[in-house]
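Quick notes on the structure that follows.
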Amino acid sequence: MFSRAYKTAITAPPLLWVMVFLLAPYGLLFCYSFWSVSPSQTIVHTWTLDNYRELFRVNVYLQTLFRSMWIAARVTIFSLLLGYPLAYYLSFYRGAKKDVFYQLVIIPLWVSYLVRAYAWKTILGSDGVLNTLLQYLHITKHPLEFLLYSPVAVVLTLTHIYTPFAFLPIYASLEHVPRNLVEASHDLGASPLQTFWRVIFPLSVPGVLAGATFAFVLSFGDFLAPLLLGGPSGIMTSNIVVSLFGAAYNWPLGAAISFCMLLLVLALLLLSEQMEKKWSFR
Amino acid sequence: MSAAPGTSRWLPWHAAVVFGFLYLPIVTLIVYSFNGAGVGGFPPRNLTLDWYRMLFADDAIWESVLNSLVVAFAAMAISLSFGIPAALALDRTNFPGKTLFRRLVLLPLILPGIITGLSLLMLFREADVKLSLVTIVLGHGTALISVATTEVFAGLQKMDRAQEEASLDLGANYWQTFWRITIPNLRLSIICAALLIFTLSMDEIAVSFFLIGRDNTLPLEIWGRLRRGITPEINAISSIIFVFSLIAIITWYRLRIVSPAAPGVVAEVVGTA
Amino acid sequence: MTTVTEPAIARPDKSGVRTLLDIRNIAKSFGKNPVLRDVSLQIAEGEFLTILGESGSGKTTLLRIIAGFESADSGEIFMEGERLDLLPPYRRRVNTVFQQYALFPHLNVEDNVGYGLRVAKLPKTEIAARVSDSLAMVKMSTYAGAKPANISGGQQQRVALARSLVNRPRLLLLDEPLSALDANLRRQMQVELKSLQREVGISFVFVTHDQEEAMVMSDRIALLRKGELEQVASPREIYSRPATAYTAQFIGHTNLLRAKVTAGVAHCHALSWRVGLPDGPAVFSLRPENIRLAGSATANLETNFVRVRGKIEGQAFHGATDLLQIVCDDGLRLSVRTATRENRQGDLLLEFSPADAVPVRESSGRG
């Protein structure tokens with residue numbers, strides 16, 4: 001129905017833009033990871049595997065990588081634990097306020113990340129709201145130091161930020177479960193709990209996978225929360241990259257780490273996509 | 001009884017706890033923006049508007065707000081100009097590399113911003129382009145094309161194709177049909193996309209972090225302050241940001257006939273759903 | 001002498017057969033909208049009962065109340081002497097075949113059918129045996145490993161049947177299960193369902209808006225209109241002795257003759273015939289097939305036949321028969337069903353026996 005000219009007109013501009021501003025940059029990232037930096041702080045365009053060797057040679061990179069993954073894993077688990085029952089409750093909620101509740105859940109999503117991370121900083125510090133509250137109520141005598149500038153703070157903050165991210169796809173998949181399946185299950189003798197595990201949950205797995213992927217990938221690559229709240233023990237891979245592009249001027253090494261992160265993320269996305277397909281019964 | 005399995009008694013409590021968890025930090029922030037004694041400490045004392053007064057006298061902040069607004073509008077223009085055709089292309093054409101194209105367009109949505117930001121930084125470095133608000137605009141625009149594309153694509157799915165066919169049948173050419181029929185039908189999607197892009201651009205840090213020149217955007221200005229020391233003035237500006245985000249997102253929600261994204265979002269974002 | 005049929009005390013015809021389900025005074029409103037008003041019905045063991053009605057009549061709501069997915073505002077349901085309506089759906093010995101089948105997409109056919117048995121934690125060998133028997137009964141044994149998405153609508157319907165019957169319920173509810181099928185498949189399934197019911201021997205309660213379907217399949221039909229039972233009777237009874245004007249018109253075609261009775265004679269336009277009814281207005285239902293063309297081979301010259309002359313206004317071809325629209329001299333319009341013949345024209349003399357003019361109640365207007 002659409003002419004060749006029409007199709008070219010709608011395809012060419014975005015294609016070109018994406019090639020220039022997405023494909024080329026990612027390609028450049030790849031290239032940079034093979035280059036090196038000269039002592040005089042210029043980029044030397046010779047091809048070498050040194051950067052990658054460095055990653056595996058120096059412990060701190062791998063250690064940070066595992067710590068980042070462990071933090072991301074915890075964030076994912078907590079986000080799912082918080083987000084799934086909420087999504088379930090909302091999806092099966094029969095009432096006029098269902099709409100309002102849904103909005104209430106997605107609002108925090110779009111409220112500035114920085115604002116929310118900052119809020120936690122003011123809450124968790126030794127002079128922060130939480131500590132002074134606990135002392136005011138005579139629950140503790142001294143401030144709890146571990147609350148801020150630790151992986152705990154990072155996990156807490158990132159969970160706060162990514163729980164709505166996990167919620168959204170789970171809610172969507174639960175909404176798509178035909179309610180007559182629930183009735184059929186009851187009709188066949190299954191109690192509500194049995195119905196949940198045998199019918200509702202299996203059908204919501206694609207949503208859970210999507211939510212988990214979002215939460216994991218985005219918290220894995222986060223650098224702001226660790227910078228604000230992580231302290232020395234809460235450094236994540238992205239922070240190392242940031243410093244390599246900043247004070248510790250070594251773009252190629254930073255590019256190598258970034259490219260590894262990119263590969264890891266892509267691998268996770270593909271894996272998740274495969275699993276989602278297997279669990280999608282449409 | 002109706003088959004409402006959500007009758008377990010602990011579920012509403014759980015929901016309340018989660019809502020509390022999501023909102024208490026923000027509420028605390030707002031409350032303490034009126035706290036004379038600083039960002040922490042319980043209970044809040046000396047309720048005052050001083051911090052807000054300080055905020056409104058703070059030129060650097062307002063300059064950065066202006067910068068952010070300029071960037072947001074420019075990014076909106078870019079994202080929509082390229083995102084709308086991209087959605088149409090995904091909907092209506094087939095060409096070798098289409099799958100790669102779709103994945104590429106949607107990748108910045110799920111990739112940590114740092115990767116996109118760094119890659120663009122390297123591009124500008126190699127092309128010898130100085131970092132400035134322009135580079136930030138290019139960064140936001142590129143990253144947010146995905147938002148425009150997904151919203152418009154969803155709108156296309158809901159659109160009645162026969163309308164375009166009718167238009168062509170009645171003698172309008174493709175260009176006319178595009179402006180008279182296609183775009184008006186997509187009006188809602190475009191507005192929602194614009195609203196979302198605007199909000200996300202105003203808050204964007206990860207990509208902007210690497211592409212910034214001399215002029216700060218609002219989030220980066222706040223960020224800089226945070227490194228130096230925190231005062232409730234930051235609470236004040238944060239509270240204002242919260243109110244505006246609230247308005248924006250409620251408007252966006254109301255405009256939309258809300259249909260949650262279909263399951264398998266990752267598959268849609270990255271792959272072949 | 002004809003008498004008006006009272007609305008059936010909704011008990012099964014066969015005395016001596018046990019009552020399985022006793023529905024008493026069920027009422028249900030959604031918000032301000034009354035959907036069921038005081039419905040009472042008894043269902044016998046082993047009978048095939050159809051709840052027939054238009055959309056909005058409340059038939060699906062009644063079914064859902066029996067299944068347990070809705071609760072009535074008032075009234076009770078007893079099954080074999082015990083209160084059914086107090087039990088949640090998963091404790092009732094009632095199974096439902098849903099309108100869109102509601103097969104579990106993540107389970108194959110075999111696992112779908114065995115679902116209720118697994119939930120009841122029956123031993124695996126017994127489950128396998130019963131599932132296999134059930135599938136054989138609906139002729140879906142070769143599809144045991146298929147997924148619902150990969151089988152046709154008619155096949156899904158059989159699987160849904162098997163899934164319900166394998167649990168050996170006391171009562172099977174069917175919510176318009178054939179409405180999604182095309183006409184030929186539908187007719188085939190009607191026959192199959194009926195013979196399945198006889199074979200299995202349990203009570204079926206079938207909901208439909210299609211009166212032909214109801215007549216083909218049912219032992220009894222319960223006609224529901226705007227939340228109340230209009231008539232409960234066997235198909236033949238309901239067809240030949242409709243209780244109300246609504247029933248007469250809903251089931252099959254009919255001519256409604258609005259007449260006035262004076263001194264034992266009903267007068268409708270130029271027609272008159274003897275009736276054993278009190279003076280006043282009366283309505284009669286006259287089926288088109290009971291009006292004959294006088295002068296045809298089967299016409300009787302019996303003197304108590306009513307005769308009238310008219311012109312053909314329209315002629316509809318129905319395959320084996322024609323349905324003629326006749327305008328009589330005085331403006332009365334009648335539908336007449338005769339053997340088919342092309343191009344009828346001209347004046348016709350019609351006749352019918354007064355015994356075929358069945359008196360019916362005017363249906364009460366219900367808000």
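Structure notes:
- Backbone N atoms of segment C:60-90 closer than 14 Å to the 7 Å Cα→Cβ label point of A:SER191 belong to residues C:88-90.
- Taking only the C-alpha atoms of segment A:26-67, the Rg (one decimal) and the largest Cα-Cα distance, Dmax (whole number), read 12.0, 33 Å.
- Total formal charge among the other residues, if their Cβ is under 13 angstrom from that of A:PHE165, Lys/Arg +1 and Asp/Glu -1: 0
- Pairwise FRET efficiency - B:ASP91 versus A:ALA267, Cβ, R0 = 25 Å, nearest 0.05: 0.30
- Just checking the listed ones, A:ALA225, A:ALA267, A:ALA96: in the Gaussian network model of chain A with Cα springs under 10 Å, the one fluctuating most is A:ALA96.
- The phi-based Karplus calculation (6.51 cos²θ - 1.76 cosθ + 1.60; θ = phi - 60°) puts the 3J(HN,Hα) values of segment A:190-195 at 7, 6, x, 5, 4, 4 Hz, whole numbers, x for Gly and Pro.
- Expressed per residue, the C-alpha convex hull volume of segment A:226-282 stands at 110 Å³.
- Angle between chain C longest axis and helix C:153-165 axis [Cα atoms, degrees, rounded to 10]: 70 degrees
- Candidates B:LEU111, B:LEU24, B:LEU133, ranked by Gaussian network fluctuation over chain B, Cα under 10 Å, top entry: B:LEU24
- Spin-label model distance (nm) - C:GLU313 vs C:LEU86, 7 Å beyond Cα toward Cβ: 5.9 nm
- Shape of segment A:138-282, Cα gyration tensor, a/c cut at 1.5: oblate
- By the count of neighbouring beta-carbon atoms within 10 Å, fewest first, A:VAL177, C:VAL113, B:VAL105, C:VAL327 end up ordered C:VAL327, A:VAL177, B:VAL105, C:VAL113.
- Once C-alpha pairs closer than 8 Å and six or more residues apart are averaged by separation and normalised to the residue number of segment A:59-278, the relative contact order reads 28 percent.
- Cα centroid of segment C:99-119 to Cα centroid of segment A:238-282, whole Å: 41 Å
- Whole-Å semi-axes of the ellipsoid equivalent to the protein assembly as shown (Cα gyration tensor, √5λ, descending): 71, 32, 27
- Cα→Cβ-extended label distance, 7 Å offset, between C:ASP38 and B:ALA57, nm: 8.1 nm
- Selection of trypsin sites (Lys or Arg not before Pro), segment C:104-164, meeting DSSP coil and at most 14 other Cβ within 10 Å: C:LYS121, C:LYS139
- Relative contact order, percent, segment C:253-360 [alpha-carbon distance under 8 Å, six or more residues apart]: 30 percent
- Projected onto its three principal axes, the C-alpha set of segment B:46-181 covers 68, 40, 27 Å, listed from the longest axis down.
- For the peptide A:171-184, the mean number of other protein chain Cβ atoms found within 10 angstrom of a residue's Cβ is 6.
- Exposure proxy order (Cβ contacts within 10 Å, fewest to most) of A:CYS31, B:CYS192: A:CYS31, B:CYS192
- Whole-number Å³ per residue for the convex hull built on Cα positions in segment C:19-249: 127 Å³
- Averaged over the residues of peptide B:196-208, the number of Cβ atoms from other protein chains lying within 10 Å of each residue's Cβ is 2.
- Per residue of peptide B:11-21, the mean number of Cβ atoms on other chains within 10 Å of the residue Cβ is 5.
- Cα-based helix-to-principal-axis angle, B:113-126 vs chain B, degrees rounded to 10: 80 degrees
- Backbone HN-Hα couplings from phi across segment C:232-242 [Karplus 6.51/-1.76/1.60, Hz, Gly and Pro as x]: 10, 6, 5, x, 5, 4, 5, 6, 8, 10, x
- B:GLN157 versus C:ALA120: modelled label distance in nm, points set 7 Å from Cα along the beta carbon direction: 4.1 nm
- Estimated FRET transfer efficiency (A:TYR136, B:ASP50; beta-carbon r; R0 22 Å; 0.05): 0.40
- For segment A:185-233, alpha-carbon Rg over 2.2 N^0.38 Å: 1.95
- Helix-only [θ]222 nm of chain B, DSSP H runs n ≥ 4, -39500 (n - 2.57) each, per residue, nearest 500: -23500 deg cm²/dmol
- At most 16 other Cβ within 10 Å, DSSP loop - trypsin sites (Lys or Arg not before Pro), segment A:59-143: A:ARG94, A:LYS97, A:LYS141
- Residue order, fewest to most beta carbons within 10 Å, for C:HIS269, C:HIS318: C:HIS318, C:HIS269
- The trypsin sites (Lys or Arg not before Pro) of segment B:81-152 that meet both conditions, a loop assignment by DSSP and at most 10 other Cβ atoms within 10 Å of the site Cβ, are B:LYS130.
- Put simply, the Cα atoms of segment C:253-360 extend 43, 24, 23 Å along their principal axes, the longest span coming first.
- Nearest-0.05 FRET efficiency for B:TRP175 and A:ALA248, computed from C-beta distance (R0 60 Å): 0.65
- Shape parameters for segment C:143-284, alpha-carbon atoms, Rg then Dmax in Å: 20.9, 73
- Against the rule of thumb 2.2 N^0.38 Å, how large the Cα Rg of segment B:57-270 comes out: 1.14
- When the P(r) is computed for segment A:1-135, the part past 23 Å accounts for 71% of the Cα-Cα pairs.
- Shape of chain A, Cα gyration tensor, a/c cut at 1.5: oblate
- Across segment B:57-270, Cα pairs under 8 Å and at least six residues apart give a relative contact order of 35 percent.
- Chain A: DSSP helices with Cα axial extent of at least 18 Å and average Kyte-Doolittle hydropathy no lower than 0.5: A:59-91, A:98-110, A:151-175, A:201-220, A:251-278
- Most mobile listed residue (A:MET261, A:MET19, A:MET69) in chain A, GNM with C-alpha springs under 10 Å: A:MET19
- Residues whose placed amide H lies under 5 Å from that of C:ASN255, excluding near-sequence neighbours: C:LEU286, C:ARG287
Coordinate-derived values only; no laboratory data. Computed from a predicted model, the values in this text were never measured in an experiment. We place every Cβ from the backbone using ideal geometry, glycine too, and count neighbours over all the protein chains shown.
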